[in-house]
Amino acid sequence: MMYGLIVFLPLLGALVAGAFGRIIGDRASQVVTSALLIVAALLSGIALFTVPYGEPFTVDLGTWIVSGSFAVDWALRIDALTAVMLVVVTWVSAAVHVYSIGYMSHDESIPRFMSYLSLFTFAMLMLVTADNFVQLFFGWEGVGLASYLLIGYWYKKPSANNAAMKAFIVNRIGDFGFMLGIAAVFLVFDSLAFDTVFAAAPDHADHVTRMFGASVSTLDLIAFLLFIGAMGKSAQLFLHTWLPDAMEGPTPVSALIHAATMVTAGVFLVARMSPLFEYAPTAMAFVTFIGAATAFFAATVALTQNDIKRVIAYSTCSQLGYMFFACGVGAYAAGIFHLFTHAFFKALLFLGAGSVIHGLGDEQDMRRMGGVWRKMVFTYAVMWIGSLALVGIPFFSGFYSKDLILEAAFAAETGIGGFAFWLGILAAVMTAFYSGRLLFMTFHGKPNASEEVMEHAHESPPVMTVPLGFLAAGAIGAGFLGLPMVSGDHAFWAGSIHVRDLAHNAIEAAHHVPLWVKLLPVVAGVIGLAVAWTMYVANPLLPGRLANAVRPVYLFSYHKWYFDELYDAVFVRPARGLGTFLWRKVDLGVIDDWGPNGVAASTLAGTKRIVRLQSGYIYHYAFAMLIGVVALVTWYLLAVQG
């Protein structure tokens, strides 16, 4: 009963606000959706303290599909991994719902917005409680639909519509690989139930598939296809371009979708599929490579962005890379631990940025901020807490999880593990730098906003600051709370995460790395913050001089490695050109002119000619009758003669 309430209370809130919002009003819609999420969050907290260390179980809801040997049930899979994800989703979502009461107070369609938030939360909860691949795909696509609605919430803005379409299309690319992976699972295992597939995975470890004239490991192929879906949903390199544009949505959407829930679905997928990935070493190496490359790439881009939300968005992309390469080296628990801690401090940073935007009259460009910390002392304090957690400063939550990931990558003692470790260290330096840059440009220095804006700059109301305080507590304490997740014996997970060799697992090995490996991430963070302070507080003219001195490098970072321009040239413009050709030449010129439109035009022309015979003159009709009689007599005579 409790787990059903956790999943379906947000759906109830979405239905009430969506269907009856105009009747019950804005305030009632906010109260209903927020209250139901808070109840779900409290129940999720109970689950986190009761489910781990115990045997996984399912809550059957009913039969869904039965077709021959293909059968799918509605069931909620409850285990330690589910419990962690339930807390992440509901706690952050509850904070976002309450925060939105203040942030969206002047919006025209409050019930619609609250309904979308709750619908998204329901879809994400369906995803993390799925007991089979079809139910997982239902939640997966539901999250995609809800994100489309939320990103394009301000549908009167062309930029918001374009961003929503971009997110939807790029995710469909990844989802195509995901669907192929699910189809391959059914083809190989004749089942889509997790327990059946996972139990049979060791028996297929040496199974080979012929493809394009080559032999490939079947489980490597399946894992690779499933990871393609994860790449799209979690904005990994090559399928990342939708994430920064998604900042067109309201700031609470950024916090919910791009900090704690939707983008972490890919990491959850890899962890849930660990019984398959453990027998797919090539796919694991690919996951590690993509994760490390993404962590580095996104950090380089965040260095030069000026929109406060885009900096945090690329930070999210980078941190997801850390989670993935943790899973890639077999440290699934470390990846989920970082997912857990990251949810709090990244949601805090997004909502803190929203508080700044709210207080400065919707200004998002950090170059037009500065000197506002005295006007927003609480927001300033919690932004520092979130940033220090992100950087990995000791005793903040990110320190425990991010450092463990780097230690696990080093302890893997493989070439790809070493590659991930060193790229992760470089990304850690850049993370500290752009975090300090954001804080110093936003809150310190001389004000760059107009006098009118500075006069009206103010702290956010309690309905916004209370959720910030809650998330700040999580940014500090989530590391302590989550430490049992990364015990070397994996007892916390009780089989929900599978590791082939517990005696030589990555988490245990990470505890025995040299001291310099443990200290290096902290040193990297301190160096990054020190450089940011030097450039943006001690010597504010230095960034401009440096940008001019290395102009090509600066532009390469500022234009996001030109991925958008490259994709536009290679995919978008050719596709648009092909579509225009097919529309004008084939659809209009061939199909319409010679098909429906051509037939209709010929019929109309023939009809007009026949209509001319109906002149209304008696002698015309008599002449026609005479011609008819002559034709009839001629036919008769010829027939008789013949």
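Side notes on the structure shown:
- Filtering region 33-70 to residues that are part of a loop (DSSP other than H, G, I, E, B) and touching a residue at least 40 places away in the same chain (Cβ under 8 Å) leaves Pro52, Tyr53, Gly54, Glu55, Pro56, Ser69.
- Test for Phe396: is it at pLDDT 90 or above, in contact with a Gly (Cβ under 8 Å, 6 or more places away or on another chain), open to solvent by 20 Å² or more (accessible area, probe 1.4 Å) and closer than 28 Å to Val517 by Cα: yes
- Residues that are within 19 Å of Ala201 (Cβ to Cβ) and at pLDDT 90 or above within region 497-524 comprise just one, Ile497.
- Selection count, region 294-316, where residues are open to solvent by 10 Å² or more (accessible area, probe 1.4 Å), within 20 Å of Met231 (Cα to Cα) and either in a loop (DSSP other than H, G, I, E, B) or among the β-branched types (Val, Ile, Thr) (or both): 1
- Residues located in region 519-545, provided they are under 27 Å from Ala408 (Cβ atoms), within 31 Å of the chain's Cα centre (by Cα) and not β-branched (Val, Ile, Thr): Leu520, Pro521, Ala524, Gly525, Gly528, Leu529
- Qualifying residue in region 400-407 (condition: in a helix (DSSP H, G or I), open to solvent by 50 Å² or more (accessible area, probe 1.4 Å) and not acidic (Asp, Glu)): no
- Within the set Arg172, Arg112, the sole residue that is among the basic types (Lys, Arg), closer than 17 Å to Leu226 by Cα, out of contact with any strand residue (DSSP E or B) (no Cβ under 8 Å at 6 or more places or on another chain) and open to solvent by 10 Å² or more (accessible area, probe 1.4 Å) turns out to be Arg172.
- Test result for Gly361, touching a residue at least 40 places away in the same chain (Cβ under 8 Å), out of contact with any His (no Cβ under 6 Å at 6 or more places or on another chain) and at positive phi: yes
- Qualifying residue in region 98-108 (condition: open to solvent by 40 Å² or more (accessible area, probe 1.4 Å), touching a residue at least 60 places away in the same chain (Cβ under 8 Å) and not small (Gly, Ala, Ser)): no
- Residue list for region 148-163, restricted to those being within 18 Å of Ser109 (Cα to Cα) and touching a residue at least 12 places away in the same chain (Cβ under 8 Å): Tyr148, Leu149, Leu150, Ile151, Gly152, Tyr153, Trp154, Lys157, Ala160
- Selection within region 39-57: residues that are open to solvent by 60 Å² or more (accessible area, probe 1.4 Å) and out of contact with any Phe, Trp or Tyr (no Cβ under 9 Å at 6 or more places or on another chain). The member of this set that is nearest to Met485 (Cα to Cα) is Phe49.
- Candidates Asp587, Asp593, filtered to the one that is modelled with pLDDT under 75, surrounded by 10 or more Cβ atoms within 10 Å (Cβ to Cβ) and in a helix (DSSP H, G or I): Asp593
- Scope region 468-498; condition open to solvent by less than 20 Å² (accessible area, probe 1.4 Å) and of a type in the set (A, V, I, L, M); matching residues: Leu468, Leu471, Ala472, Ala475, Ala478, Met485, Val486, Ile497
- Filter result for the condition that a residue is part of a helix (DSSP H, G or I), within 21 Å of Tyr314 (Cα to Cα) and open to solvent by 60 Å² or more (accessible area, probe 1.4 Å), over Pro574, Pro552: Pro552
- Residues satisfying the stated conditions in region 266-293, i.e. assigned to a helix (DSSP H, G or I) and open to solvent by 10 Å² or more (accessible area, probe 1.4 Å): Pro275, Pro281, Thr282, Met284, Ala285, Phe286, Phe289, Ala293
- Options Gly18, Gly25; residue that is over 30 Å from Thr196 (Cα atoms), touching a Lys or Arg at 6+ places or on another chain (Cβ under 8 Å) and open to solvent by 10 Å² or more (accessible area, probe 1.4 Å): Gly18
- Filtered residues of region 604-628 (kept if open to solvent by 80 Å² or more (accessible area, probe 1.4 Å) and either β-branched (Val, Ile, Thr) or in contact with a helix residue (DSSP H, G or I) (Cβ under 8 Å, 6 or more places away or on another chain) (or both)): Ile610, Val611, Leu613, Ile618, Ile627
- Here Trp154 passes the criteria (1) part of a helix (DSSP H, G or I); (2) at pLDDT below 95 except the one numbered (1).
- Restricting attention to region 58-72, the residues that are open to solvent by less than 70 Å² (accessible area, probe 1.4 Å) and closer than 18 Å to Met1 by Cβ total 3.
- Among the residues of region 373-386, just one is over 17 Å from Ala473 (Cα atoms), surrounded by fewer than 24 Cβ atoms within 10 Å (Cβ to Cβ) and hydrophobic (A, V, I, L, M, F, W, C), namely Trp373.
The values are calculated or read from the model by the stated rules, or taken from the named source; none is laboratory data. Since the model is a prediction, treat every value here as computed from it, not as a measurement. Glycine gets a Cβ as well: all are built from the backbone with ideal geometry, and neighbour counts include every protein chain shown. Ligands, DNA and RNA are stripped out before the accessible areas are found, and what is left, the full protein with its side chains, is counted by its heavy atoms. Shrake-Rupley method; radii C 1.70, N 1.55, O 1.52, S 1.80 Å.
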